[in-house]
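Worksheet: the structure to be examined is printed underneath.
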Amino acid sequence: MYTRGARETQIDYWLIRRRDLKLMTDSKGPATLAALFNRIVEQGKPLAAWTTSATVPIWKGKGNVAECSNYCPILLLCHAMKIFERILNRWLQDIVTIKPKQRRFVKGSGTTDAIHAIRLLLEKNKPLHMAFLDLDKVFDHVPHDFIWHSLRSHGGPEAYVDWVKLLYWNITSTIRCKVGTSPPFAITIGVHQGSALSPLLFILCMDTAKADLQSPRPWTLLFAEDVFDATECRGPLQSHVQWWKTHLDDYGMRLSLKKREYMECGPRFKKGHQVQVPGIGHQQ
């Protein structure tokens, strides 16, 4: 049995498992969904059920439980909408290309190569200045217009852009918790957390935001919203950090004030020596 979402309709009513191929000829679920999706695409308007959702705050497992920032908001969406998102996600994956700097949400990519690249820099025993940056609640702050722009800049067909817009058209949500349910409120920014399509949309936005900072050296690495940048001199690193801050501000996103660190290493580094990069904490 699949988990229920914001609606009472169970997702296994619609989905056909691959191992149950014999049911394909008997089930009307796929044909019904195909007709539904085609009608939505032709009319250019989503179902009313697609425009509402329930948001459940999930504690991250660390920090004060009374702090709202220690919770991750997960949207419970209509199951038919989730299936449409998965189909669209698969089609977009075959079209768009993410640059190799991104190490998360990309098929065949991971942190092993990135960690190895950083270790090679350290083993050379040269002066190295490193910045570890994190974006502040970036899934909640991505402007919708930036999502459409990122899709187009990566070669996404205009029809697909319109279909993604349907998923964010006039959407509202309610907060559901133990003490009750809040009144509905409009969502005008951010991607759906808990959606199958959101990771791809987000890394497309990150890929677009950092396009001007691409370097042939593997010194700028990303893991979703986490950024690692390194240079042999402090000056260029400071410029890179300022570039990230300014460029992200232009796109409606911002660096986290709490989750950023600066580190210096190399033969000339002396313990206790303070190196300041504006806006970044120092760590030895």
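Contact map, region 154-168: first residue in contact (Cβ under 8 Å) with a residue 24 or more places away in the chain and farther than 20 Å from ALA211 by Cβ, second residue assigned to a helix (DSSP H, G or I) and not polar (S, T, N, Q), Cβ cut-off under 6 Å, separation 6 or more or different chains; pairs are TRP163/LEU88; TYR168/HIS144. Evaluate region 77-86: report whether one residue or more is under 22 Å from GLY194 (Cα atoms), in contact with a Lys or Arg (Cβ under 7 Å, 6 or more places away or on another chain) and either at pLDDT 80 or above or surrounded by 11 or more Cβ atoms within 10 Å (Cβ to Cβ) (or both). Yes, region 77-86 contains at least one residue that is under 22 Å from GLY194 (Cα atoms), in contact with a Lys or Arg (Cβ under 7 Å, 6 or more places away or on another chain) and either at pLDDT 80 or above or surrounded by 11 or more Cβ atoms within 10 Å (Cβ to Cβ) (or both). When region 259-272 is filtered for residues that are surrounded by fewer than 18 Cβ atoms within 10 Å (Cβ to Cβ) and either in a strand (DSSP E or B) or modelled with pLDDT of 70 or more (or both), the ones remaining, listed by number, are LYS259, GLU261, MET263, CYS265, GLY266.
Close contacts from region 240-254, counting a first residue that is at negative phi and surrounded by 15 or more Cβ atoms within 10 Å (Cβ to Cβ) and a second that is of a type in the set (Ser, Thr, Tyr) and in a helix (DSSP H, G or I), with Cβ to Cβ under 9 Å and a gap of 6+ residues or different chains, come to TYR251/THR208. Somewhere in region 4-25, is a residue exposed (fewer than 11 other Cβ atoms within 10 Å of the Cβ), at pLDDT 50 or above, under 29 Å from the mean Cα position of the chain (by Cα) and closer than 30 Å to VAL179 by Cβ? No, region 4-25 contains no residue that is exposed (fewer than 11 other Cβ atoms within 10 Å of the Cβ), at pLDDT 50 or above, under 29 Å from the mean Cα position of the chain (by Cα) and closer than 30 Å to VAL179 by Cβ. Restricting VAL191, VAL164 to residues that are of a type in the set (Val, Ile, Thr) and assigned to a loop (DSSP other than H, G, I, E, B) narrows the list to VAL191.
The values are calculated or read from the model by the stated rules, or taken from the named source; none is laboratory data. Only a predicted model underlies this, so the values are computations on that prediction, with no experimental measurement involved. Glycine gets a Cβ as well: all are built from the backbone with ideal geometry, and neighbour counts include every protein chain shown.
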